[in-house]
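Structure first, then comments.
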Amino acid sequence: MGRTELTVGGRRLGVQESADELRETITGLVRDGGGFVTVTTGSGAMDLLVSPALEVAIRVIDDVHDEKDEPSTAGAATIDYFAPAIDDYDF
């Protein structure tokens, strides 16, 4: 299982929500013209205003450890998702 990282307005946040959950919620808000999404970080909950003009990136970072259970970057994979621009939708 990987860690989910959300980048909003150039600021990276480690969040507890799954990438799929965030993708669905944020895409729905963009289609509706914007709104607030609540994410849970290590220091508590945070409400973020999402709008069609806001660039959002969702990244999943796979945790890979060697036999000694020390962090290793070997075999690490990332999945990036960028919310579509408002121009991608027909209204």
Quiz item: Between residues in the stretch 7-31 that are in contact (Cβ under 8 Å) with a residue 12 or more places away in the chain and residues that are assigned to a helix (DSSP H, G or I) and hydrophobic (A, V, I, L, M, F, W, C), which pairs lie under 9 Å by C-beta distance while being six or more apart or on different chains?
Solution: 15/22; 30/86
Quiz item: Among the residues of the stretch 44-64, how many are within 19 Å of residue 33 (Cα to Cα), among the small types (Gly, Ala, Ser) and touching a strand residue (DSSP E or B) at 6+ places or on another chain (Cβ under 9 Å)?
Solution: 2
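Every residue, every condition in (1) among the aliphatic types (A, V, I, L, M); (2) closer than 12 Å to residue 58 by Cα; (3) under 9 Å from the mean Cα position of the chain (by Cα), yes or no:
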site	(1), (2), (3)
5	no, yes, yes
11	no, yes, no
18	no, yes, yes
28	no, no, no
31	no, no, no
34	no, no, no
37	yes, no, no
42	no, no, no
47	no, no, no
Practice problem: Being acidic (Asp, Glu) and in contact with a Phe, Trp or Tyr (Cβ under 9 Å, 6 or more places away or on another chain) is the filter; apply it to the stretch 28-67 and report the residue that is nearest to residue 11 (Cα to Cα). | Solution: 55
Quiz item: Can we say residue 30 is farther than 17 Å from residue 4 by Cβ and touching a strand residue (DSSP E or B) at 6+ places or on another chain (Cβ under 8 Å)?
Solution: yes
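Taken together, the values in this text are just the output of simple stated rules run on the coordinates, not laboratory data. What you are looking at is a predicted structure, and each value in this text was computed from that prediction instead of being measured. Cβ atoms come from the backbone with ideal geometry, glycine included; neighbour counts cover every protein chain shown.
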